[in-house]
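Structure record follows, encoded as structure tokens.
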Amino acid sequence: MSTPRDTQPLPPPVLELRGIRKSFGANAVLKGVDLSLRPGRITALLGANGAGKSTLIKALSGVHEPTSGEVLLDGAAVDLENPIAASRLGVRTVHQRIDDAIVPGLSVAENLVFEQIALGEAPTVASLTSLLPRARAVAAALSLDWDDAFLRQDVFELGIADCQMLLLARALVTDPKVLILDEPTSTLSQSEAERLFETIVALRERGVAILHVSHRLAEIDQLADDIVVLRDGRITATQERPFDFAAAVTSMLGEGATRDIERLEHLVGEQVALEIAGLRVFPESPAVSVSLRGGEVTGIVGLIGAGKTELAEYVFGESTGAEAGVMTLRGEPYTPRHPRDAIRRGVYLVPEDRAAQGMLPGWSIAKTFSLPFLSRFARGPLLQQGAETARAAQAIDDFGVVATGPGQTVDALSGGNQQKVMVARWMQTPPDVLLLDEPFRGVDIGARREIARRAREQAADGSCVVMLCSDVDELREIADRVLVLVEGRITLDARIDTVSDDEIVQSMTEVA
């Protein structure tokens, strides 16, 4: 989808930040940010994890009050003292972390009109039945095919993609002056992303100022009118079209950041690390059989709903499968009935949703890091906290995690640094099989390349590394072999250097 570019003189900013600073104790995160968002323009915000993007977004959305500086809306100074105040002023934000905005226990309909209730635009006490007409209207206005059964469903039962679409719908139902989108496509399929892009372009044409945070350069090139680069709490570069992405990445990460990942020599041979036979990923899907070898990275790619996560959870012992197949690990029978069985055999999973499946709120990096391996840090019944802290400190250094130390809470880290902790946790000892489910979701280019490099090092040491994703570019960055999964069946199995992107995409869209 291409979008026309306005060649008229730039309109005055609808939102301006002047000298915005934000510190948490002695830690200065924003160090004098000046930013202008103009009506009818999409500004892409680039920055490495830890650069201050999340703090900047929270300052704009009323979550954090700046330590100093000034915010102007339509030329007048305003106080974005809380999210409701920001919403009333027309500044709407869709945060990357779903659990910051979704209310479990409430229905889809109630979550959909939640902001209207908070702003007094809908009754604060109302039955679900009385809210359904309003929720139907919201869904219809955004061309969402959500029936009453879906609207009545508890959001706790939704997948990540549906939750993301719900948050987008809630933010877009009104006519905001400023719309802030924090990695809005990170959980969406290609078709869902294209529908979102059409909505974003329509909002731009209506004069909305949009701040779009994304690490996907192709997406930025497709949508954005301007690029702003944030590094270490400061704006280090701005660009208008046409963009120089090499310069932007260099401004974001420093010299040498555009260097390609070194392709390590792998030990690929005939030895099968994990063999799966006769597994039905879904009850209605055909039985699949696949052999995964040590010494190589296998990329399993497919759209949302293809069965990637279900396959990974089965291998990790989190799901028994609709019709369980037979697995062998290094030639021995492998029948995990719980993740602890998989961990004992050296099969590890970095889950798709790190916040819900891999982290505990308020836990330190050190405790998060050691959680699956407590016996390694114990002497008798006592946990050796010194060893736990030392090992976490080593991982922080090895993976370049931006943190104050092993004692910092993991949920206080940026998304990319949380992901580094998740990957480092499972790489502290060489795994037999390492499953990476969407490992690049919500991480910047630097973190992505570090994770990819580490995964390839594990393969070079003989581990069987399996990456599950929905992005072909990400697949090419790391994989030696590609398996395409469609509705629980394999439609392509090939070496990555023998197939084109078009062939992979075509295989991903085959209809049963």
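Among (1) touching a residue at least 24 places away in the same chain (Cβ under 8 Å); (2) touching a helix residue (DSSP H, G or I) at 6+ places or on another chain (Cβ under 8 Å), there is one condition residue 389 misses while meeting the rest; what is its number?
Checking residue 389 against (1) touching a residue at least 24 places away in the same chain (Cβ under 8 Å); (2) touching a helix residue (DSSP H, G or I) at 6+ places or on another chain (Cβ under 8 Å), the one that fails is (1).
If you go through the stretch 472-488 one residue at a time, how many are out of contact with any helix residue (DSSP H, G or I) (no Cβ under 9 Å at 6 or more places or on another chain) and surrounded by fewer than 19 Cβ atoms within 10 Å (Cβ to Cβ)? It would help to see each step written out before you state the result.
So the first thing to find is which residues in the stretch 472-488 are out of contact with any helix residue (DSSP H, G or I) (no Cβ under 9 Å at 6 or more places or on another chain), and the list is 483, 487.
Keeping just the survivors that are surrounded by fewer than 19 Cβ atoms within 10 Å (Cβ to Cβ) gives 487.
Adding up the residues that qualify gives 1.
Being farther than 12 Å from residue 447 by Cα and touching a Ser or Thr at 6+ places or on another chain (Cβ under 8 Å) is the filter here; which residues of the stretch 396-429 pass it?
406, 407, 408, 409, 410, 425
Residues are listed down the side, and each one gets a yes or a no for (1) in the same structural domain as residue 210 (by TED's automatic domain parsing); (2) surrounded by fewer than 21 Cβ atoms within 10 Å (Cβ to Cβ); (3) in a loop (DSSP other than H, G, I, E, B); (4) at pLDDT below 85:
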{"site": "143", "(1), (2), (3), (4)": "no, yes, yes, yes"}
{"site": "161", "(1), (2), (3), (4)": "no, yes, no, yes"}
{"site": "165", "(1), (2), (3), (4)": "no, no, no, yes"}
{"site": "169", "(1), (2), (3), (4)": "no, no, no, yes"}
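Give me a count of the residues in the stretch 472-504 that are more than 17 Å from residue 350 (Cα to Cα), of a type in the set (D, E, K, R) and within 24 Å of the chain's Cα centre (by Cα).
Of all residues in the stretch 472-504, those more than 17 Å from residue 350 (Cα to Cα) come to 472-473, 476-477, 480-504.
Now drop any that are not of a type in the set (D, E, K, R), which leaves 473, 476-477, 480-481, 487, 489, 493, 495, 497, 501-503.
From the residues that got through so far, the ones that are within 24 Å of the chain's Cα centre (by Cα) too are 473, 476-477, 480-481, 487, 501.
The number of residues fulfilling the criteria is 7.
To keep it simple, each residue is scored yes or no on (1) buried (at least 20 other Cβ atoms within 10 Å of the Cβ); (2) in contact with a helix residue (DSSP H, G or I) (Cβ under 8 Å, 6 or more places away or on another chain); (3) of a type in the set (Phe, Trp, Tyr).
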| site | (1), (2), (3) |
| --- | --- |
| 17 | yes, yes, no |
| 51 | yes, yes, no |
| 59 | yes, no, no |
| 85 | no, no, no |
| 93 | yes, yes, no |
| 103 | no, yes, no |
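Determine which single condition residue 314 fails, assuming it passes every other condition in (1) assigned to a helix (DSSP H, G or I); (2) closer than 30 Å to residue 191 by Cα; (3) within 21 Å of the chain's Cα centre (by Cα).
(3)
Search the stretch 63-76 for residues being part of a strand (DSSP E or B) and over 22 Å from residue 233 (Cβ atoms), and hand back the single one that is nearest to the chain's Cα centre (by Cα).
The selected residue is 73.
Taking residue 106 and the conditions (1) in contact with a Gly (Cβ under 7 Å, 6 or more places away or on another chain); (2) modelled with pLDDT under 90, which numbered condition does it fall short on, given that it satisfies the others?
All conditions are met except number (1).
What's the number of the only condition in (1) closer than 22 Å to residue 431 by Cα; (2) out of contact with any helix residue (DSSP H, G or I) (no Cβ under 8 Å at 6 or more places or on another chain) that residue 381 fails to meet?
Looking at each condition in turn, residue 381 falls short on (1).
For residues that are assigned to a helix (DSSP H, G or I) and polar (S, T, N, Q), scanning just the stretch 393-424, find the one that is surrounded by the most Cβ atoms within 10 Å (Cβ to Cβ).
419
Exactly one of (1) in the same structural domain as residue 455 (by TED's automatic domain parsing); (2) among the basic types (Lys, Arg); (3) part of a helix (DSSP H, G or I) is unmet by residue 337. Its number?
Only one criterion in (1) in the same structural domain as residue 455 (by TED's automatic domain parsing); (2) among the basic types (Lys, Arg); (3) part of a helix (DSSP H, G or I) is unmet by residue 337, namely (3).
Please go through (1) under 19 Å from the mean Cα position of the chain (by Cα); (2) touching a residue at least 12 places away in the same chain (Cβ under 8 Å) for residue 398 and return the number of the only condition it doesn't satisfy.
(1)
Can you name the residue in the stretch 329-354 that is surrounded by fewer than 18 Cβ atoms within 10 Å (Cβ to Cβ) and not basic (Lys, Arg) and is also nearest to residue 463 (Cα to Cα) among such residues?
Applying the filter and picking the extreme gives 346.
The values are calculated or read from the model by the stated rules, or taken from the named source; none is laboratory data. Quick caveat: nothing in here was measured; it's all calculated off a predicted structure. Neighbour counts are summed over all protein chains in view; Cβ atoms, including those assigned to glycine, are modelled from backbone coordinates with ideal geometry.
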